[in-house]
1. Taking the Cβ of Leu260 as the centre, find all other residues whose Cβ is under 10 Å away and add up their charges (Lys, Arg: +1; Asp, Glu: -1).
2. Run the numbers for Glu198 and Asp130: contour at 0.36 nm per residue of separation, minus the present Cα-Cα distance, in nm.
3. What fraction of the Cα pairs in segment 39-132, stated in percent, has a spacing above 19 angstrom?
4. If you stretched the chain out fully between Ser111 and Lys291, how much longer would it get, using 0.36 nm times the residue separation minus the C-alpha to C-alpha distance?
5. Got a number for the accessible area of Glu210? Probe 1.4 Å, square angstrom, nearest 10.
6. Tell me which trypsin sites (Lys or Arg not before Pro) from segment 201-247 have a DSSP coil assignment and no more than 15 other beta carbons within 10 Å of their own.
Amino acid sequence: QRRRWRDGPFHTKEEAIAHRDKGKRLRGTPATICSVWLLDWVERTKVELYAEEREADANIKHRHVRLHLAPNLDRIRIGDLRVGDLNHLWRKLNDEGLSRKTINNVKSTLSVALADAVADGLLNVNPVRDSRLPRQHRGTADQSPAPDALEKVLEDDDLLRFLRWCLDNVYQSTWALPLLVIADTGMRRGEALGIHWESIDFQAGTLKIERQVVQLDAGKLAVRLLKTKASRRAIPLAPRTLAALQAYRRRLPVHPISGLVFTNADGRALIPDSLTQFVEKVLVSQLDLPKSFSPHALRRSPSRIPLAADIPAFDVSKRLGHSNPF
């Protein structure tokens, strides 16, 4: 009896070999397994997004496909994908402990991918549109913050001890002044490390936040403009932060190429992940801070005082660079 080839994107072995030798990317057919098509799609999408300087978006989509979508859709042909398959996937991710927000983000990535599949003629309609996340029974949904969310925000004593360390170690530690800036302004770590000297108005005491340091593949870094208008903002600096930056500039010359405030010895940008690792592995134990504390938690610290003073949440959100205050 003749051996029958497994159904796939190629009709013959010769066609598959020819495709391989030409080095073309796999676009698939309705018989292509979902996991194979998704992995190929995310690689193509990653190249396109990197060309548009949207590296963070590309990396998020790649993570969603690699961790959640490809492993769970590895036995279904893309042409056979139905709403019921996706409802089962969302329930499985929910049972695995993923938050509703994370599942929604994974769902958005799959929706974008399958919209391309519809455009390529592999699907008639996008099944993500009619799929539904698992419902939570009324009264059982936990509306409180995550268990460690409140623990990440420093109490007053811890915050004062942390700020005192930053002020005392501006010249001794690479990370002291960036952490002081983050604590006093609520900036993201990439935004703080992407500050240029030209963005600081020492006379007016303000800072324009326009750029951020982005981590690319293979440990490479890039300084990019912030994506949204809400993220690009000007904020006032606290007197102690302004004074520390002025003293820092007098002592350390501006690098002629990068113009960045915070650089290594070669004038290159600092790595955001290294800042986080320093805080979690060194500073937490050294200053006896909560174990769950991270630099991102500092974004909540400057927002507590304005809210306590009855300043509108919209103004606080604008200062933090949120696109939506609600």
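1. The answer is +2.
2. The span from Glu198 to Asp130 would gain 19.5 nm if fully extended.
3. 39
4. Computed gain between Ser111 and Lys291 is 61.1 nm.
5. Accessible surface of Glu210 is approximately 60 Å².
6. Here the sparse-neighbourhood loop sites are Lys220, Lys227, Lys229, Arg232.
The values are calculated or read from the model by the stated rules, or taken from the named source; none is laboratory data. Being a predicted model, the structure only gives us computed values, none of them experimental. Note that we place each Cβ from the backbone using ideal geometry, even for glycine, and neighbour counts take in every protein chain shown. Side chains included, ligands, DNA and RNA excluded: accessible areas come from the protein's heavy atoms. Shrake-Rupley method; radii C 1.70, N 1.55, O 1.52, S 1.80 Å.
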